[in-house]
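The values are calculated or read from the model by the stated rules, or taken from the named source; none is laboratory data. Fair warning: this is a prediction, and the values are worked out from it, not measured in the lab. Note: ideal-geometry Cβ built from the backbone for every residue, glycine included; neighbour counts use all protein chains shown.
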Amino acid sequence: MNERQRTIVALNAHPDDEALLSGGTLAGLASRGHRVVLVTATDGDAGWAPAELMESGRLGQVRLAELPRSAAALGAADVIPLLYADSGHLGEVPPDPPGRRRFVRVPVAEVAERVAEIVRRERADVLLGYDRNGGYGHRDHVHVHHIARAVAAATDVQLLEATAPRERILRVLRWVSRVRTLPNDFAIEEWTQAFSPTQEITHRIDVRAQLPAKRAAMLAHASQADGSFPRTLGFILGLPRPLYRLAFGTEHFLDPTCSPRSGRERRHRDMLDGVQGTDG
Ligand SMILES: [Zn+2]
């Protein structure tokens, strides 16, 4: 069966986000010959890393250098960093570094114009953003949500939002917390409003076949993958394989133009199902 080649633009907040929520789906699409373009808003310079790297002031540079390796692992055709500074997850937004702005200080319309230009140039069929909670709620992720919505309103691209089923995440987190020490920056209560209720999810994609690529993409973010201190990506990579498979073998997206599903409605199993002009 000949599939028409599609272009997917995935807008992410930080280097490593492309691997976490949608890496398997993107790798699967790329392996079928579709064009995957990663647009990464920030350099991740306010993320966590080993102390000496954080103190060096070079974290952003290091993380931007890791990004193309992750993109290669996923088979992405291009990576476009927008080069804003990471706004950080908690507390006050740090001061702007010289010559640049923290991402949340940049108006939605301004970033949306840049992303819309990429979407038009690429003639993208699908734009990938985040759900309205910005997944677990990082302010840069919430900003990406609003920007992707604005781009979808200004262009004819079909928007899908990466998410995860909230109820299931809470079950897994509670279970994991009984057998493992969770990272410092991890509070289960924060997750009760995170991501999306299961019934809003329109796409449920089996990515077990893409797990080696997804894991390789995660590992490419070496500054984040160090398991010697409690950090999210390192923690995830340290999970026992069967649990990793269970937690990351399925990816979820929602089409914001659909109302919440009724119980019987089938979910799409491919990101391109239901995309305009898709044959069959
Ligand atoms: Zn992020």
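Listing for the model above:
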{"item": "Considering residues of the stretch 36-55 that are away from the ligand (no atom under 16 Å from the Cβ) and not in a helix (DSSP H, G or I) only, the residue surrounded by the most Cβ atoms within 10 Å (Cβ to Cβ)", "result": "Val36"}
{"item": "Every residue from the stretch 119-129 that is at negative phi and surrounded by fewer than 17 Cβ atoms within 10 Å (Cβ to Cβ)", "result": "Arg120, Arg121"}
{"item": "Residue match in the stretch 46-58 (condition: under 17 Å from the mean Cα position of the chain (by Cα) and polar (S, T, N, Q))", "result": "no"}
{"item": "Cβ-Cβ under 9 Å pairs, at least 6 apart or on other chains, the stretch 132-144 side within 9 Å of the ligand (Cβ to nearest atom), far side among the basic types (Lys, Arg)", "result": "Asp140/Arg102"}
{"item": "So Thr257, is it polar (S, T, N, Q) and exposed (fewer than 15 other Cβ atoms within 10 Å of the Cβ)", "result": "yes"}
{"item": "Matching option when the condition is more than 16 Å from Arg63 (Cα to Cα), part of a loop (DSSP other than H, G, I, E, B), away from the ligand (no atom under 13 Å from the Cβ) and modelled with pLDDT of 95 or more, among Gly33, Gly24, Gly28", "result": "Gly33"}
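Here is a yes/no grid of residues against (1) under 15 Å from the mean Cα position of the chain (by Cα); (2) at positive phi:
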site: Asp131; (1), (2): yes, no
site: Gly135; (1), (2): yes, yes
site: Val144; (1), (2): yes, no
site: Ala150; (1), (2): no, no
site: Asp156; (1), (2): no, no
site: Ala162; (1), (2): yes, no
site: Pro165; (1), (2): yes, no
site: Ile169; (1), (2): no, no
site: Trp175; (1), (2): no, no
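Table: residues versus (1) in contact with a Ser or Thr (Cβ under 9 Å, 6 or more places away or on another chain); (2) at pLDDT 90 or above.
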{"residue": "Arg215", "(1), (2)": "no, yes"}
{"residue": "Ala220", "(1), (2)": "yes, yes"}
{"residue": "Arg231", "(1), (2)": "no, no"}
{"residue": "Ile236", "(1), (2)": "no, no"}
{"residue": "His252", "(1), (2)": "yes, yes"}
{"residue": "Asp255", "(1), (2)": "yes, yes"}
{"residue": "Ser259", "(1), (2)": "no, no"}
{"residue": "Arg267", "(1), (2)": "yes, no"}
